[in-house]
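Taking it in order: structure first as structure tokens, then the write-up.
The values are calculated or read from the model by the stated rules, or taken from the named source; none is laboratory data. As the structure is a computational prediction, the values presented were derived from the model and not from experiment. With ideal geometry, Cβ positions are generated from the backbone for all residues, glycine too; neighbour counts draw on all protein chains shown.
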Amino acid sequence: MAAEHKFKIGQLVYFHPKTPEGPYKVLKRLPAANGEYQYVIRSTDGSHERVVRESELSPAAGGGMAGTGSKRQAEALRRRRTVAQTAARSHCVT
């Protein structure tokens, strides 16, 4: 086990296996369980929160802290998903 947590509170990370709701923001560092640090993470759109082991995480692009840039990225992702969902619905025949 490493002497310190690898990720900081507020840091953007990916959860593996990669999930469609990533990246995630580190909310809390937890003590080690079975020799490995754990974290509480939440998807940037706020739809998923989970407790994960450090080995299940990797830094998001740039490994930066969540801030204004990440909020813009999350909003852009939400818009793209909304457009894609609307397009998918318009192609459905009822």
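Tallying residues that are in contact with a strand residue (DSSP E or B) (Cβ under 9 Å, 6 or more places away or on another chain) and at positive phi within the stretch 31-62 yields 2.
The single condition among (1) of a type outside the set (A, V, I, L, M); (2) surrounded by 16 or more Cβ atoms within 10 Å (Cβ to Cβ); (3) modelled with pLDDT under 95 that Asn34 does not satisfy is (2). Taking the residues in the stretch 8-28 that are in contact (Cβ under 8 Å) with a residue 40 or more places away in the chain and touching an Asp or Glu at 6+ places or on another chain (Cβ under 7 Å) as candidates, determine which candidate is surrounded by the fewest Cβ atoms within 10 Å (Cβ to Cβ). Among residues in the stretch 8-28 that are in contact (Cβ under 8 Å) with a residue 40 or more places away in the chain and touching an Asp or Glu at 6+ places or on another chain (Cβ under 7 Å), the one surrounded by the fewest Cβ atoms within 10 Å (Cβ to Cβ) is His16. If the condition is being within 14 Å of the chain's Cα centre (by Cα), without any contact (Cβ under 8 Å) to a residue 24 or more places away in the chain and closer than 14 Å to Phe7 by Cβ, then the stretch 29-57 contributes Val40, Arg42, Val51, Arg53.
For the criterion of being crowded, with 16+ Cβ neighbours inside 10 Å, under 16 Å from Tyr14 (Cα atoms), out of contact with any Pro (no Cβ under 6 Å at 6 or more places or on another chain) and modelled with pLDDT of 65 or more, Ser70 fails.
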